[in-house]
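Structure first, then comments.
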Amino acid sequence: MKLGYFQKDVLIEKLAKKFYAIQGCVVREGYRMQSATHPAERACVAMALFAIQEFESIEDECSDEED
């Protein structure tokens, strides 16, 4: 299943906020992590992007095996 642009955007925000919360930090409602300038927040966005890319690559590998 490929994520659409808006689905991916929402997932990046959700994961980044979750990764930030794991570090004991919280952002206000409606805050866009992808617009952040703070290094810790930017790192959480990078981790979210990496997680999504890894998930998609694993999914691609599994679908290739089914063919």
Result of the Cβ filter at 7 Å on region 44-58, keeping first residues that are more than 16 Å from residue 5 (Cβ to Cβ) and partners that are hydroxyl-bearing (Ser, Thr, Tyr), at least 6 apart or interchain, is 44/20
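Under the condition of being part of a helix (DSSP H, G or I) and more than 29 Å from residue 62 (Cβ to Cβ), which residue from region 1-30 is least open to solvent (accessible area, probe 1.4 Å)? Steps first, answer last, please.
Filtering region 1-30 for residues part of a helix (DSSP H, G or I) gives 5-22.
Cutting the leftovers down to more than 29 Å from residue 62 (Cβ to Cβ) gives us 20-21.
Values: 20: 23, 21: 51 Å².
That would be 20.
Restricting region 31-57 to residues that are among the hydroxyl-bearing types (Ser, Thr, Tyr) and farther than 14 Å from residue 14 by Cα, which is surrounded by the most Cβ atoms within 10 Å (Cβ to Cβ)?
Of region 31-57, the ones among the hydroxyl-bearing types (Ser, Thr, Tyr) are 31, 35, 37, 57.
Now drop any that are not farther than 14 Å from residue 14 by Cα, which leaves 37, 57.
On the way: 37: 6, 57: 10.
Looking at residues that are among the hydroxyl-bearing types (Ser, Thr, Tyr) and farther than 14 Å from residue 14 by Cα, I get 57.
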Cβ contacts < 6 Å: first residue among the aromatic types (Phe, Trp, Tyr), restricted to region 20-41; second residue surrounded by 11 or more Cβ atoms within 10 Å (Cβ to Cβ), any location; separation 6+ or different chain. Result? 20/44
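The values are calculated or read from the model by the stated rules, or taken from the named source; none is laboratory data. All of these numbers come straight from a predicted model, not from anything done at the bench. When we count neighbours, we look across all protein chains shown, and the Cβ atoms used for this are built from the backbone with ideal geometry, even at glycine. All accessible areas refer to the heavy atoms of the entire protein, side chains included, with ligands and DNA or RNA removed. Shrake-Rupley method; radii C 1.70, N 1.55, O 1.52, S 1.80 Å.
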